[in-house]
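Here the structure is laid out as structure tokens; the discussion comes afterwards.
Only the coordinates and a few stated rules stand behind these numbers; no lab work does. Model, not experiment: these values are computed from the prediction. Heads up, the Cβs are rebuilt from the backbone with ideal geometry, glycines too, and the neighbour counts pull from every protein chain shown.
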Amino acid sequence: MTENKNFEVGLSSDALRQPRRVVFITRNTSAKVKEEVGPQLMSFPHVILRETIAFQLLTIVLVVLALFWDAPLEQLANPLLTPNPAKAPWYFLGLQELLHYFPPLVAGVLLPTLVVLALIVIPYFDVNVEGEPLWAHRSRRRLQIYVGAFAVLFVLFAIYGAWTVLAPTALVGGLGLVPYFNPTSNSRFQKFLGSRSMSWWVMTWFIAVALTLTAVGTFFRGPGWSWVWPWR
Amino acid sequence: MATTAWTHQRLEQLRQTRVWRSIFRRGPARTNRTRSLAVFGNLGLHVLPVKVREKSLRVRATYYLGSISFFLFVVLTITGILLMLYYHPAVPDAYRDMKDLVYVVSNGVFLRNLHRLAAQAMVAAVFWHMFHVFYRGGYKPPHEFNWVIGVGLLMVTLFLSYTGYLLPWDQLAFWAITVGTNIISYVPVLGRPIRFLLLGGHIIGQNALLRFYVLHCVILPLAAVVLIAMHFWRIQKDGGLTVRDDHD
């Protein structure tokens, strides 16, 4: 036994904090997969107290807003009187803005399905668990793929005249190139950009497009889905 | 000070009573053992872990967005049940009930405002929660499946908000649902049958209102409760919230 010992024996010394237990850790397969990060607190009362305060603050804000901000109520529903424009709830206006540019099968069915599927599979892609920056190795091949994908999207959106998709794509895509060409910058913003992983860039691009489309659909679209300025 | 001492004494006496001790079998939560019992001996609290990392409680770690989403759901359940007392899912009674809320029911406007505001806020909070979790890397192992449950909760939240949108039966409601359900008919092959199933017919009328009402008040809230319970439970089972060891 002693010659072939392939485990170690440990004993927790603080019986007040941890129940006493013997730990067998076989060599090379450490049971200690991850270090505990920092000290721990008892949920009762620490979590309960914080959650209660959060709930109270939220209730106060909601009540104050609800006192002064009236929910809209229009005329009785009339199937014969179509308002122009007929708008969906605000969280679907990004989708409605897409429908303005692309065929309904693409904008109304294909893209939303792809987005939901993409969200579901996010955690099962462990290509880059460490969160390595996009341009960590300044790979030329990666640059070619990046620029290629960017160009395809750019042309596609331009053909359909989808300017409200193209603008945020160009902005985020352009920012993504900055750390490649300027890797040793000292500015804090550029250092931040340079440390971002590929998944960060994809998600940021998605959020930028979604926010732009929703904002445009909510504030800048009038009769016939034409462009209007909200202050006019 | 004297009153504080008096109150404290009375509370202590209350704690010693047979009735109190029959409800809370543990003693006062002053030791780690009784504090643990306070959590896992309680049906409502046992979804929480007994201990949490101090870092995961910092505001910057979560902005309490998940909790806020849940609290908004609680507010929506309470105001929703109260609204159900004044609502008939019928054409055109539904619209008349809205008018009654404004002109007849005491605090009816406030009740409806609160429900609508909390609904909008919940959609926004759930989206923000998801993006925040993504940027914190909270979806990474061992939290993969909880992220998937979260995506399910996002869908349920959107459908809850959407089905509620039709219920006032005004122009805004009718045409927003028209725009949305027209999109469904573009789904190949299944589009029209799904739309028919959802609306209970080819047009948005009495049947559609009733179906949206049942979805909004029964089916989707039940789905949400089940998913929320799983979501909370799995935070504990997956070893607590993700905390970073580098900074903040």
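Ranked by how many other Cβ atoms sit within 10 Å of their own Cβ, fewest first, the residues B:30, B:136 fall in the order B:30, B:136. Of the trypsin sites (Lys or Arg not before Pro) in the stretch A:138-187, the ones in a loop by DSSP (not H, G, I, E or B) with at most 16 other beta carbons within 10 Å are A:138.
Averaged over the residues of peptide B:48-54, the number of Cβ atoms from other protein chains lying within 10 Å of each residue's Cβ is 6. Of A:62, A:143, the sequence from fewest to most neighbouring Cβ atoms within 10 angstrom is A:143, A:62.
Return the loop-located chymotrypsin sites (Phe, Trp or Tyr not before Pro) in the stretch A:75-155 (DSSP other than H, G, I, E, B) with at most 14 other Cβ atoms within 10 Å of their own Cβ; answer none if there are none. It would help to have the intermediate numbers written out before the result.
Details: sites: A:90, A:91, A:92, A:101, A:124, A:125, A:135, A:146, A:150, A:154; in loops: A:125, A:135.
Answer by residue number: A:125.
Where a ≥ b ≥ c are the square roots of the eigenvalues of the C-alpha gyration tensor, would you call the stretch A:90-225 rounded, which needs a/c under 1.5, or, failing that, prolate if a/b is larger than b/c, or oblate?
Prolate, because a/c is 1.5 or more and a/b exceeds b/c.
Along the charge dipole of the protein assembly as shown, which of A:65, B:131, A:133 sits closest to the positive end, that is, farthest toward it, with unit charges on the beta carbon of Lys, Arg, Asp and Glu (+1, +1, -1, -1)? The residue sitting most towards the positive pole is A:133.
Taken about its Cα centre, chain B carries a charge dipole of roughly 1100 debye when the Cβ of each Lys and Arg holds +1 and the Cβ of each Asp and Glu holds -1. Neighbours of residue B:64, meaning other residues whose beta-carbon lies under 13 angstrom from its beta-carbon, give a summed charge of +2 when Lys and Arg score +1 and Asp and Glu score -1. Pick out which of B:13, B:171, B:206 has the largest mean-square fluctuation in a Gaussian network model of chain B, springs linking Cα atoms closer than 10 Å. Residue with maximal mean-square fluctuation among B:13, B:171, B:206: B:13. Report, to one decimal in Å, the Kirkwood hydrodynamic radius for the protein assembly as shown based on all distinct Cα pairs. Computed over Cα pairs of the protein assembly as shown, the Kirkwood hydrodynamic radius comes out at 26.4 Å.
Largest GNM mean-square fluctuation across B:233, B:175, B:128, computed for chain B with C-alpha springs under 10 Å, falls on B:175. One quarter of the surface of the convex hull around the alpha-carbon atoms of chain B equals 19.5 nm², the direction-averaged projected area.
In terms of distances greater than 26 angstrom between alpha carbons, the cross-link table entries A:87/B:140; A:191/B:51; B:55/B:237 yield A:87/B:140; A:191/B:51. One Cα centroid belongs to the stretch B:192-214, the other to the stretch B:46-80; the line between them spans 35 Å.
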